[in-house]
Amino acid sequence: MTKIDFTGRTVIVTGAGGGLGRAHALAFAARGACVVVNDLGGDIAGIGSSVSPADDTVATIRAAGGRAVANHDCVLDGERIAECALDEFGRIDVLVNNAGFLRDVSFARMSDEDWRAIIEVHLNGAYKVTRAVWPHLQAQRYGRIVKTASAAGLYGNFGQTNYAAAKLALVGFARALSLEGASRNITCNVIAPIAGSRLLATVSTPERMAALRPELVSPLVLRLCAEANTETGSVFEVAGGWMAKLRWERAAGVAFDPSTDLTPEAVDAAFDEICSFARADHPGTVREAAAPVIANIARLPKAQ
Ligand code: NAI
């Protein structure tokens, strides 16, 4: 087993003033990384700001002999976070997009502002920091990125249409980015964690909160950010010491003759089979996904 070490590497962790981000930052620092501890320090609904959370994480890292700098910018100011890393440590190797908050409310009662704020922090915030670090990763032909999604995005969750939309968007973002980074040794993966942070405190018991230690999530993040990592474009669920990779499963489906007039009644008659996973595959790329479509239209007579 090779020891995973980040000596000489600079790691940016957004939202590292508490919960999962703090655990990631401490874990990276304990293995030699120079860590940019970004945190705006607002409340669980993203209201307000404070320097204390980021400063506290940095103080903890330094007290243990590690190297870290605090950054108090909003993730929407991605350029400033990247600049902080370059000014302090001279390089950027790893980015963990983690910052975020919740505005849970049923869709009927959701305001435009609840929708906008969640898309801003989770999706646009992840975009802005990634956009700022990307040229540096490309130029040095090396980078490791982990984005933080949620089971709410993967499976849906009542009262979280805004959050679910933003979180699943990160999966598409990461998978597409993994393809663009592949030729330059830049990997990009996604975790969907559960952790006993303040975000979970509103819906969980103290016992469960204690069991779901954020420190049980960070080792997967470090593994995905290791120099030897080749895993990319993947999604992992991780919580309470359990972790597993996810993939799409697609029913074998039904191939109607594309030369005939297809009716809704024909679709209805075949609907159970369209939805049956008795035979299924696991397409991993757009090309693999399109294969049955290409095969089906190949049945059409060739134009003369
Ligand atoms: P947390 O509230 O403890 O930590 C989030 C941190 O992000 C806070 O310290 C906050 O100040 C910071 N932050 C918020 N908005 C920011 C902004 N605009 N710029 C910079 N920093 C900002 O919450 P937790 O649970 O550690 O969440 C971390 C990530 O994990 C979030 O993206 C969350 O959606 C995700 N997540 C957490 C789950 C859980 O069970 N705790 C479940 C699924 C996903």
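The values are calculated or read from the model by the stated rules, or taken from the named source; none is laboratory data. From a predicted model like this one, the values you see are computed outputs, not experimental measurements. Note that we place each Cβ from the backbone using ideal geometry, even for glycine, and neighbour counts take in every protein chain shown. When the accessible area is computed, the model is the full protein with side chains, heavy atoms only, and any ligands, DNA or RNA have been set aside. Shrake-Rupley method; radii C 1.70, N 1.55, O 1.52, S 1.80 Å.
Data table
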item	result
Within the chain, longest stretch free of exposed trypsin sites (Lys or Arg not before Pro) [DSSP loop, at most 15 other beta carbons within 10 Å]	142-246
The chain - percent relative contact order, Cα under 8 Å, separation 6 or more	15
Angstrom value of the Kirkwood radius, inverse mean 1/r, which spans all Cα pairs in the range 1-52	11.8
Principal-axis tilt of helix 286-297 within the chain, Cα atoms, nearest 10 degrees	10
Value in Å of the Kirkwood radius, where the range 198-260 supplies the Cα pairs that are averaged	15.3
The range 235-304 versus the range 162-208: alpha-carbon centroid distance in Å	26
Estimated [θ] at 222 nm from DSSP helical runs (n ≥ 4, -39500 (n - 2.57)) normalised by residues in the chain, nearest 500	-12000 deg cm²/dmol
Kirkwood hydrodynamic radius (C-alpha pairs) into Stokes-Einstein, the chain, 37 °C and 0.692 mPa s, D in µm²/s	158
Relative contact order of the range 85-205, pairs being alpha-carbon contacts under 8 Å that are 6 or more residues apart, as %	30
Where chymotrypsin sites (Phe, Trp or Tyr not before Pro) fall in DSSP loop in the range 61-158, at most 12 other Cβ within 10 Å	Phe158
Reachable aspartates and glutamates from Lys167, criterion Cα separation under 12 angstrom, eight or more residues apart if same chain	Glu120
Candidates His72, His122, His282, ranked by Gaussian network fluctuation over the chain, Cα under 10 Å, top entry	His282
Kirkwood hydrodynamic radius (C-alpha pairs) into Stokes-Einstein, the range 86-159, 37 °C and 0.692 mPa s, D in µm²/s	230
Folded to 0 to 90 degrees: helix 78-89 orientation relative to the chain principal axis, Cα	50
Crossing angle, helix 52-63 versus the chain [Cα axis fit, 0-90 degrees, rounded to tens]	70
Antiparallel content of DSSP bridges confined to the range 180-304, in %, to 5	60
Relative contact order of the range 197-254, pairs being alpha-carbon contacts under 8 Å that are 6 or more residues apart, as %	26
For the chain, share of DSSP beta bridges that run antiparallel, in % to the nearest 5	20
Alpha carbon centroid spacing (whole Å) that separates the range 1-75 from the range 106-124	26
Carbon + sulfur, % of accessible area of the range 84-174 - ligands and nucleic acids excluded, 1.4 Å	53
Kirkwood hydrodynamic radius (C-alpha pairs) into Stokes-Einstein, the range 172-288, 37 °C and 0.692 mPa s, D in µm²/s	185
Rounded accessible area of Thr285 (nearest 10 Å², 1.4 Å probe)	60
